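The values are calculated or read from the model by the stated rules, or taken from the named source; none is laboratory data. Because the structure is predicted, anything quoted here is derived from the model rather than measured. Using ideal geometry, Cβ is built from the backbone for each residue, glycine included, and neighbour counts are taken over all protein chains shown.
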Amino acid sequence: MNPESVRISLMTADEVPDSIRTRLNSGTETVRGNGMIYARAGGKYLCCEDNDAGENLIRALNETRTERGAVSDPWQKILRGEVSEGILRDGVPRCVIVFRASARQERSLLDELIPLEPGDAIIENDGGTVLIKKTDGLTDEEIAEFAAAVTSAAETEAGIRLQAGIGRPTRKVTELKESYSEAESAINMGRHFLSGESVYAFGHLAAERLISAVPAADRVQLRKELFTPETRKLLTSEMMETIDAFFRNDLNLSTTAREMFIHRNTLIYRLDKIRKVTGYDLRHFQDAMAFRLLSRLPENDE
């Protein structure tokens, strides 16, 4: 017999009725009201349906308490893989997004900059701020745009430079631990291979994952083969911007020229120079793919 499904949400203080919040803050372990069961969960409030499944869920997730006696955040247990699939089977798709600052920052400021929707949850750990994001109806691109908006707002409004790693969405609570691991890996690979960017989605880092599987010594040798003294002289910042635009526009000459506000013949001239010096004709898919991989190899590889 399959365990009964139950919906769970993590709410802020403003979302909980005053009478219920007051009782929970006074030390009451759980409070029932409006057909729901409420409990403290770290700095927020756990809420689920008032039925047998909900009661079992509250009991299972709130076993562990902090030294101060407050109920520990149940999502921490989920990310550690300490929750079975039978406890939470609501079928809601979620992914894990890790926001990591380049330097130690006030976490309270960061929390205020991350917009939360019903069903989202924020967790703090030593590695950064972790967002469990409800992704129902969102595409991969929209999730990445959300993360990019947070990193942009953090820098412009609070002077906090962030990088975001995005794990793949899942409908199974038991797989959120894997999504969390993917989000961490995405940031680590992004910092290593894609310096200058701020958002890294694990599902879009296939090339970087392949590169990271190559031994470091071999990566160093491959980079030396591409970046000869003559090649370094050719691949100026302007030339690399041209290459990036060409790849971004799927090797389309006309679209790239329009985006860069240059004549089509100017773009062809630059691509011809690259072919003569490096031997890679970026208008051909195989050469473009090889150049893309080699150019992403870090200069100081470890």
>> Give me the residue from the range 139-169 that is among the hydroxyl-bearing types (Ser, Thr, Tyr) and surrounded by fewer than 18 Cβ atoms within 10 Å (Cβ to Cβ) and, out of that set, modelled with the lowest pLDDT.
In response: 156
>> If I filter the range 154-169 for residues that are hydroxyl-bearing (Ser, Thr, Tyr) and in contact (Cβ under 8 Å) with a residue 40 or more places away in the chain, do I get at least one hit?
In response: no
> What number of residues within the range 120-165 are part of a helix (DSSP H, G or I) and of a type in the set (A, V, I, L, M)?
Replying inline: 9
>> Being within 21 Å of residue 286 (Cβ to Cβ) and aromatic (Phe, Trp, Tyr) is the filter here; which residues of the range 227-265 pass it?
In response: 227, 246, 247
> Does the range 289-302 contain any residue that is in contact with a Lys or Arg (Cβ under 8 Å, 6 or more places away or on another chain), at pLDDT 90 or above and assigned to a helix (DSSP H, G or I)?
Replying inline: no
> In the range 166-176, which residue that is assigned to a helix (DSSP H, G or I) and farther than 21 Å from residue 11 by Cα is farthest from the chain's Cα centre (by Cα)?
Replying inline: 174
> Going through the range 207-253 one residue at a time, which ones are closer than 20 Å to residue 266 by Cα, of a type outside the set (A, V, I, L, M) and part of a helix (DSSP H, G or I)?
Replying inline: 231, 233, 237, 238, 241, 242, 244, 246, 247, 248
> Tell me, which strands (runs of 3 or more DSSP E) wholly within the range 1-87 include 2 or more residues that are farther than 26 Å from residue 172 by Cα and either at pLDDT below 70 or not assigned by TED's automatic domain parsing to the domain that holds residue 115 (or both)?
Replying inline: 30-33
> Among 205, 226, 210, 235, which is touching a Leu at 6+ places or on another chain (Cβ under 6 Å) and either modelled with pLDDT under 85 or surrounded by 16 or more Cβ atoms within 10 Å (Cβ to Cβ) (or both)?
Replying inline: 226
>> Looking only at the range 26-36, count every residue that is surrounded by fewer than 13 Cβ atoms within 10 Å (Cβ to Cβ) and of a type in the set (S, T, N, Q) and tell me the total.
In response: 2
>> Restricting to the range 187-233, and then to whatever is more than 30 Å from residue 276 (Cα to Cα) and touching a residue at least 60 places away in the same chain (Cβ under 8 Å), can you tell me which residue is nearest to the chain's Cα centre (by Cα)?
In response: 201
